[in-house]
Amino acid sequence: MTAALPPLRKGYAARDDLIQRRAAAGAFETTQEIEPGVTIADATYGGVSCIVCAPVAPRATILYLHGGGFRMGHPRGWTGFGSRLAAAADARVVLVDYRLAPEHPFPAGLHDAVAAYDAVANESGGAIFVAGDSAGGGLAASVVLARARSRGLILLSPWLDLTLRAATWESRAATDKLFALATARDAAASYLQGHPSDDPLVSPLLADLAGFPPVLIFASGAESLLGDASAFAEGIALAGGTVEAHLVAGMQHVWPTLFPDLPESGAALEAMARFVRQRL
């Protein structure tokens, strides 16, 4: 199960409103609380800038791809969550600074993620997991499609189908406060820029799911991406794979990363740590 990556394409400049949103999100990056005992360091893997969250004695590596609709976000904004995951799972967490749309449309981000994965896998020589949230969750699944060598795949509220066909985009519109259908359409257009939305490397839900490594997946019963997550879990199971799905009522999109003090976030973090430990 491997897929060749298509060639890079030219994008276009970001709109002023997106530039302003990126700047506003940058303020969040300065508020990250790092878990005691975890070090944060810059690194480069496969020519791609990364931030590494490392516990004292890591037993595995988790390559992590942040969310943001393929057009926002920087690993600095995930160092708090990355440090908590690193401490809980006794794993080095590598946060990848992949290129963003619309300046760099598909497949630039996937090229970066795969290059970082290859370099980390070659360096570590040990167990490597791939993980991500929202758009980064879809990108993580695409990395597995392209490489198929990871020990496991961890997905938080993953965006896995850019055709936007899931019924939950409509049925959860009133309860999802963070990721609306109109926002998803705009983000998909800036990422795809004419590329087919049903390409499995864009929409891993539409791929042949046979041969996937074990999957751990989280989604809220209140969020628009519930349909993507539940369909992917079903698809993995029907393809003969192992999947553990946590579909939690009343949460918001990517709640384990945004609301660390919730008991549901603590439970999710422990489930991730257990998933990693069981596969070492």
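The values are calculated or read from the model by the stated rules, or taken from the named source; none is laboratory data. Remember, predicted model here, so these are calculated numbers, not experimental data. Here the Cβ is made from the backbone with ideal geometry for all residues, glycine too, and neighbour counts use every protein chain on show.
Only one residue in 178, 192 is aliphatic (A, V, I, L, M) and within 30 Å of residue 275 (Cα to Cα), so which one is that? Break it down stepwise before answering.
Details: 192 fails: within 30 Å of residue 275 (Cα to Cα).
Of 178, 192, the one residue that is aliphatic (A, V, I, L, M) and within 30 Å of residue 275 (Cα to Cα) is 178.
Filtering 45, 12, 64 for residues that are under 12 Å from residue 92 (Cα atoms) and either touching a residue at least 60 places away in the same chain (Cβ under 8 Å) or of a type in the set (Ser, Thr, Tyr) (or both) leaves a single hit, 64.
Taken over segment 94-119, the residue count meeting the criterion of being out of contact with any Lys or Arg (no Cβ under 9 Å at 6 or more places or on another chain) and farther than 17 Å from residue 191 by Cα is 5. Among residues belonging to segment 57-70 that are surrounded by fewer than 24 Cβ atoms within 10 Å (Cβ to Cβ) and out of contact with any His (no Cβ under 9 Å at 6 or more places or on another chain), point out the one that is farthest from residue 191 (Cα to Cα). Of everything passing the filter in segment 57-70, 57 is farthest from residue 191 (Cα to Cα).
Test residue 71 against the criterion of being under 18 Å from the mean Cα position of the chain (by Cα), basic (Lys, Arg) and under 27 Å from residue 194 (Cβ atoms), and give yes or no. So residue 71 passes the test. Of the conditions (1) at pLDDT 95 or above; (2) outside any loop (DSSP other than H, G, I, E, B); (3) over 18 Å from the mean Cα position of the chain (by Cα), residue 122 fails just one. Which one is it? Every listed condition holds for residue 122 apart from (1). Residues that are within 21 Å of residue 142 (Cβ to Cβ) number at least 3 in the following strands (runs of 3 or more DSSP E) confined to segment 22-118: 48-54, 60-65, 91-96. In segment 175-187, the residues that are within 13 Å of residue 162 (Cα to Cα) reach residues that are of a type outside the set (Gly, Ala, Ser) and part of a helix (DSSP H, G or I) with C-beta atoms within less than 8 angstrom, at least six apart or across chains, in these pairs: 181/169; 181/170; 184/169.
Residue count for segment 196-252, restricted to those that are hydroxyl-bearing (Ser, Thr, Tyr) and either in contact with a Lys or Arg (Cβ under 7 Å, 6 or more places away or on another chain) or more than 19 Å from residue 264 (Cα to Cα) (or both): 4.
Return the only residue of 202, 254 being closer than 18 Å to residue 135 by Cβ, modelled with pLDDT of 95 or more, out of contact with any strand residue (DSSP E or B) (no Cβ under 7 Å at 6 or more places or on another chain) and not polar (S, T, N, Q). Steps first, please.
Values: 254 fails: out of contact with any strand residue (DSSP E or B) (no Cβ under 7 Å at 6 or more places or on another chain).
Only one candidate qualifies: 202.
Just one of (1) among the charged types (D, E, K, R); (2) touching a residue at least 12 places away in the same chain (Cβ under 8 Å); (3) surrounded by fewer than 22 Cβ atoms within 10 Å (Cβ to Cβ) fails for residue 170. It is (2).
Modelled with pLDDT of 95 or more and buried (at least 19 other Cβ atoms within 10 Å of the Cβ): does that describe residue 113? Taking the combined requirement at face value, the residue satisfies it.
Yes/no matrix, rows are residues, columns are (1) under 17 Å from residue 159 (Cα atoms); (2) of a type in the set (Ser, Thr, Tyr); (3) touching a residue at least 24 places away in the same chain (Cβ under 8 Å):
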| site | (1), (2), (3) |
| --- | --- |
| 86 | no, no, yes |
| 119 | no, no, yes |
| 122 | no, no, no |
| 129 | no, no, yes |
| 135 | yes, no, yes |
| 138 | yes, no, yes |
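Looking at the structure I just gave you, is residue 220 more than 24 Å from residue 11 (Cα to Cα), under 18 Å from the mean Cα position of the chain (by Cα) and either touching a residue at least 40 places away in the same chain (Cβ under 8 Å) or crowded, with 17+ Cβ neighbours inside 10 Å (or both)? Taking the combined requirement at face value, the residue satisfies it. The residue of segment 144-167 that is farthest from residue 124 (Cα to Cα), among those that are crowded, with 16+ Cβ neighbours inside 10 Å and among the hydroxyl-bearing types (Ser, Thr, Tyr), is 157.
Evaluation of residue 228 against the conditions (1) surrounded by fewer than 24 Cβ atoms within 10 Å (Cβ to Cβ); (2) not in a loop (DSSP other than H, G, I, E, B) shows that the sole unmet condition is (1). The single condition among (1) surrounded by fewer than 22 Cβ atoms within 10 Å (Cβ to Cβ); (2) under 23 Å from residue 145 (Cβ atoms) that residue 212 does not meet is (1).
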